[in-house]
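Q: There's a structure below that I have some questions on.
The values are calculated or read from the model by the stated rules, or taken from the named source; none is laboratory data. Everything quoted here is computed from the prediction, not taken from an experiment. No Cβ is skipped: glycine too gets one built from the backbone with ideal geometry, and neighbour counts run over all protein chains shown.
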Amino acid sequence: MQAISYSTFGPASDVLELTDMPTPSAAPGEVLVRTVYSGVNPSDVKARSGARPGVTKPPFDRIIPHSDGSGVIEAVGNGVSTDRIGKRVWIWNGQWQRPFGTAATHICLPSEQAVDLPDGVSFETGAVLGIPGLTACHAVFGSGDVAGQTVLIHGGAGTVGLLAVQLAKWGGAKVIATARGDGMKAAQDAGADPVIDYSDGALATAILAANDGNLVDRIVDVEFGVNIATNAEVIAPNGTIAAYGSAKNMTPELAFGPLLFKAVTIDILLIYLLPPAQRAAAITRLHAALDQGALTCPIAETFALADCAAAHEAVEAGKRAGAVLVDVRK
């Protein structure tokens, strides 16, 4: 098989190599997937560059990156029904705590990590459902239904944010999003009721005004450290802040009192570690939203396998209007 791999940390153009490797065989309980698209996420870029705190060298001698992807099951190991052969699937946790991810023409992984792709859903969309899709879905619905609630989504124009806006709207919530520039229209088109410029110097006041002076029930946050003071001001009693990122401030300080006297729940999400029951619930919701035409997964750029370094650079550059994919067939 052909694969992109690296053995040392560094810039994408320096360390990512296109190589020929033996095609793996499915072990018991596994499936062999012929990959169509591989999804590139910020976590993949950070892992390759060595940006994860406390990690000084790659955990394996050679790594094929990327945890998200889509493709077709080509073979199965013992204990897996042969009925799965030929099934279109999407992949989660492809490279989580394993050396070989989806940036290759083939990947072997446990059968449950290759989820049947619903009829009519494209391989491109399938490659976005792993980290962005599951993160957005659990961030919105992690405490249950949101019908009749107000959900604030910070970063509503990012890949996760756009999916979260659509899912919350589909779930019957009033959706307020923050974004900036062209992202404001993207979040509005995705279904946000009002969209507020997050650089507004009186952001909390603007959020409350957009909600008729009422506090918000749930907050989905891409920048926990930056937004915690605003969130403490606008969150309702017994509300939840579902935070999946804090890149701009990884060591935030927060005032405990305002959060305490509202009994706020801070739910820090790492989708790789989602317990099985919660993951199954998120998958069911994602598929239902797709089936009902309530969810689209925007794609910003698609690169050939040999151009995987450029795909990483596109993710690093930010300001994307959707996901970045690698077409491993090219």
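Let's see how each residue does on (1) over 25 Å from the mean Cα position of the chain (by Cα); (2) closer than 28 Å to residue 159 by Cα; (3) in contact (Cβ under 8 Å) with a residue 60 or more places away in the chain:
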{"site": "18", "(1), (2), (3)": "yes, yes, yes"}
{"site": "35", "(1), (2), (3)": "no, yes, yes"}
{"site": "42", "(1), (2), (3)": "no, yes, yes"}
{"site": "58", "(1), (2), (3)": "no, yes, no"}
{"site": "62", "(1), (2), (3)": "no, no, no"}
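Q: So, in segment 286-330, exactly how many residues are assigned to a helix (DSSP H, G or I), under 29 Å from residue 180 (Cα atoms) and touching a Leu at 6+ places or on another chain (Cβ under 9 Å)?
A: So the answer is 7.
Q: Condition first: within 19 Å of residue 315 (Cβ to Cβ) and either of a type in the set (A, V, I, L, M) or surrounded by 24 or more Cβ atoms within 10 Å (Cβ to Cβ) (or both). Now tell me which residues in segment 165-184 satisfy that.
A: Of everything in segment 165-184, just one residue is within 19 Å of residue 315 (Cβ to Cβ) and either of a type in the set (A, V, I, L, M) or surrounded by 24 or more Cβ atoms within 10 Å (Cβ to Cβ) (or both), namely 179.
For (1) touching a residue at least 12 places away in the same chain (Cβ under 8 Å); (2) outside the structural domain of residue 35 (by TED's automatic domain parsing); (3) out of contact with any strand residue (DSSP E or B) (no Cβ under 6 Å at 6 or more places or on another chain), each residue gets a yes or a no:
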position	(1), (2), (3)
150	yes, yes, no
154	yes, yes, no
158	yes, yes, yes
165	yes, yes, no
179	yes, yes, no
184	yes, yes, no
189	no, yes, yes
192	yes, yes, no
198	yes, yes, no
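Q: Could you run through segment 24-49 and say how many residues are within 22 Å of residue 307 (Cβ to Cβ) and of a type outside the set (D, E, K, R)?
A: Residues meeting the conditions: 13.
Q: Search segment 121-131 for residues being surrounded by fewer than 22 Cβ atoms within 10 Å (Cβ to Cβ) and touching a residue at least 12 places away in the same chain (Cβ under 8 Å), and hand back the single one that is farthest from the chain's Cα centre (by Cα).
A: The extreme case among them is 121.
Q: From the list 307, 291, pick out the single residue that is over 16 Å from the mean Cα position of the chain (by Cα), under 18 Å from residue 136 (Cα atoms) and of a type in the set (D, E, K, R).
A: None of the others qualify; the one that does is 291.
Q: What pairs can you find where one residue is in segment 281-300 and at negative phi, the other is among the acidic types (Asp, Glu), and their Cβ atoms are less than 6 Å apart, with a gap of 6+ or different chains?
A: Pairs that qualify, where the first residue is at negative phi and the partner is among the acidic types (Asp, Glu), are 299/124.
Q: Filter segment 137-158 down to the residues that are touching a Gly at 6+ places or on another chain (Cβ under 6 Å) and more than 17 Å from residue 265 (Cα to Cα), then identify the one that is surrounded by the fewest Cβ atoms within 10 Å (Cβ to Cβ).
A: Within segment 137-158, the match that is surrounded by the fewest Cβ atoms within 10 Å (Cβ to Cβ) is 147.
Q: Being of a type outside the set (Gly, Ala, Ser), touching a strand residue (DSSP E or B) at 6+ places or on another chain (Cβ under 7 Å) and either farther than 26 Å from residue 283 by Cα or surrounded by fewer than 20 Cβ atoms within 10 Å (Cβ to Cβ) (or both) is the filter here; which residues of segment 59-87 pass it?
A: 62, 63, 72, 74, 82, 84, 85, 87
Q: Given the criteria over 20 Å from residue 113 (Cα atoms), in contact with a Ser or Thr (Cβ under 8 Å, 6 or more places away or on another chain) and β-branched (Val, Ile, Thr), does residue 264 qualify?
A: Yes: the conditions hold for residue 264.
Q: I'm told residue 228 meets every condition in (1) more than 18 Å from residue 165 (Cα to Cα); (2) more than 26 Å from the chain's Cα centre (by Cα) except one. Can you identify the failing condition by its number?
A: (2)
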